[in-house]
Amino acid sequence: MSHPQHPGADEASESPEAGATSPEALTNASTRADRAAEPVAEDRSNDGVDEGEEDGADAGAERHPKYGARIRSFVVRPGRMGTGQVRALAELGPTYILPFQPAPMDYAAVFGRQAPVVLEIGFGMGAATAQIAQSLPDHDFIGCEVHEPGVGALLKLIGEHQISNLRIFQHDAVEVLDSMIPPGSLAGVHIYFPDPWHKKRHHKRRLVQPPFIAKLVTHLAPGGYLHLATDWEPYAQQMLEVLSADPDLINTSSRADGYADKPSYRPQTKFEHRGLKLGHGVWDLVFRRRER
Ligand SMILES: C[S@@+](CC[C@H](N)C(=O)[O-])C[C@H]1O[C@@H](n2cnc3c(N)ncnc32)[C@H](O)[C@@H]1O
C-alpha cells in the first residue's frame, strides 16, 4: 500500500458552513449558539490554564445512551444545524452514512470497487476530508465523526462536489474499529488535530495512547501508514513517544526531531487554522506498519 503523495492538495482553503462555523466567528469568542455548532469536545480557548471544569468534559464520562459508560475521546454536544446541513443529512445521509453494526464491513460492496481504504477519525466539519478524497480519487475514504453538524457539513460537500470515494460513520470510531474494520485492511489512518484534553485529569480521554495505537496498527495493512497532526505540543510529544514505542511501527521521518514535514495531500484543517491563529505550532507524524 502506498502512502498518498499528491502534489497540489495542500493549498486548502477553509470552506466553513455559512454563518455558525467560520474560524473568525469562533476565534472571536462567538455566541454560545455559535460555539455549540463547533465540533469540539473541550474548550480549547484556555490552552492549558486550569480554570475549573472544562465545559461538558466530565459529563461525557457518564453513561451515554448510545455509547455506554466507557471513557470516551469526545463529548457529544448539541449543535445548531444549518439548513444546507439538514437537507444534506436527509437527502444524502441514506447513501453516504454507513449504519453501525457489529460485523466486519465489505469495502468492495460499499464502494463498488477494490481500492486502498483510508480511515479518518474525527473529521470535524469535513472540509479537509472532502478535499483529500477529491485529490486522491484512487483511494476510498471512511470518515468517523460523532458531531452531527459536522456530518451534515461533509455530506453537503459530498453533494456539491459529487464525491464518490467517501463514506461516513456517525459513530464512535473506537467502536467502528473494534466491530467493523477488518484486521490488516487499511492503507492508512488519519487523525488530524484530535481533542488534546489539556488537563491532566482528562488525559485519559486522549485518543493517542498505547492500547488504542496497538489496536489501530492491527487494522493497518503491512506497510500501511498512520498520519497524525496536532497543534498542542505536549500532545505531539505524547504522540511521538507512543508511536515510537510501538514495535510494529516505523517512523518515516528522517528529521532529527522525529516529526514529519506536512505531507502534500493534507490541507490545513479548521482546527489547525484556529490553532495557528492562537499562535500554536503544528506537528505532523507519519509512521508505517512494518511489512513483516
Ligand atoms: C478538535 S476536533 C478536530 C476536527 C478536525 N479533524 C479538524 O482538524 O478540524 C476533533 C473531532 O474529533 C471528533 N472525535 C473525537 N473522538 C472521536 C471518536 N472516538 N469517534 C469519532 N469522532 C471523534 C470530535 O467530535 C471532534 O469533532
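Mind checking which of Leu228, Pro267, Leu207 is farthest towards the positive end of region 197-273's charge dipole, using Cβ charges of +1 (Lys, Arg) and -1 (Asp, Glu) about the Cα centre?
Leu207
Read phi for every residue in region 258-275 and hand back ³J(HN,Hα) as whole Hz from Karplus 6.51 cos²θ - 1.76 cosθ + 1.60, θ = phi - 60°, with x for Gly and Pro.
Using θ = phi - 60°, the values come out as x, 7, 9, 5, 4, x, 5, 7, 8, x, 5, 8, 4, 6, 5, 4, 5, x Hz.
Estimate the FRET efficiency between Arg113 and Tyr67 by the formula 1/(1 + (r/R0)^6), using the beta-carbon distance for r and 41 Å for R0, to the nearest 0.05. The partial results should precede the final answer.
On the way: r = 32 Å, r/R0 = 0.78.
Calculated value: 0.80.
Name the lysines eligible as straight-distance cross-link partners of Lys262: C-alpha to C-alpha under 17 Å, and not fewer than 8 places from it in the same chain.
In chain and number order, the partners are Lys270.
Roughly what % antiparallel, to the nearest 5, for the DSSP beta bridges in region 149-292?
If I count the DSSP bridges inside region 149-292, around 60 percent turn out antiparallel.
Taking the Cα centre of each part, how many Å lie between region 183-223 and region 146-179?
Computed from Cα coordinates, the inter-centre distance equals 18 Å.
Starting with the highest mean, order 266-273, 183-190 by the number of other Cβ atoms within 10 Å, averaged over the residues of each peptide.
Top of the packing list down: 266-273, 183-190.
With +1 assigned to the C-beta of every Lys and Arg and -1 to the C-beta of every Asp and Glu, and no other charges, what is the dipole magnitude of region 61-210 about the Cα centre in debye, to the nearest 20?
840
Starting from the 7 Å offset along Cα-to-Cβ, what nm value, one decimal, do you get for the label separation of Phe100 and Arg292?
Here the modelled spin labels are 3.7 nm apart.
FYI, it's all coordinate maths here, none of it is from the lab. This one's a predicted model, so the numbers in the text were calculated from it and none came from an experiment. Backbone-built Cβ (ideal geometry, glycine too); neighbour counts: all protein chains shown.
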